[in-house]
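The values are calculated or read from the model by the stated rules, or taken from the named source; none is laboratory data. Predicted, not measured: the structure shown is a model, and the values here were computed from it. All Cβ positions, even for glycine, are placed from backbone atoms using ideal geometry, and neighbour counts span all protein chains on display.
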Amino acid sequence: MNTASTQTAHSLYALYKTLPNEVQQAFLQELIQKKHQEVADLRFYLDCKEAKDENEFLSEQEQQTFIDSLSQ
């Protein structure tokens, strides 16, 4: 993400935080309903990036278990 995108995202989040709690909840509900797969994919990406950054790699058995779980 470039600097302009990062700043825009930060500004939008700052705006979100100023909204009343019930509006925040309604927004999150609609976002999750309409963008569920994209949110799940991003969460997965961020978790993988964090694990890589912390040098937390899966063992061979954990890798196989994960791969097997994808086919279910």
Helices (runs of 4 or more DSSP H) completely within the chain that count 2 or more residues being at pLDDT 90 or above and surrounded by fewer than 10 Cβ atoms within 10 Å (Cβ to Cβ)
3-18, 21-53
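Residue-wise test of (1) within 19 Å of the chain's Cα centre (by Cα); (2) among the acidic types (Asp, Glu).
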position	(1), (2)
LEU19	no, no
LYS34	yes, no
ASP47	yes, yes
GLN64	no, no
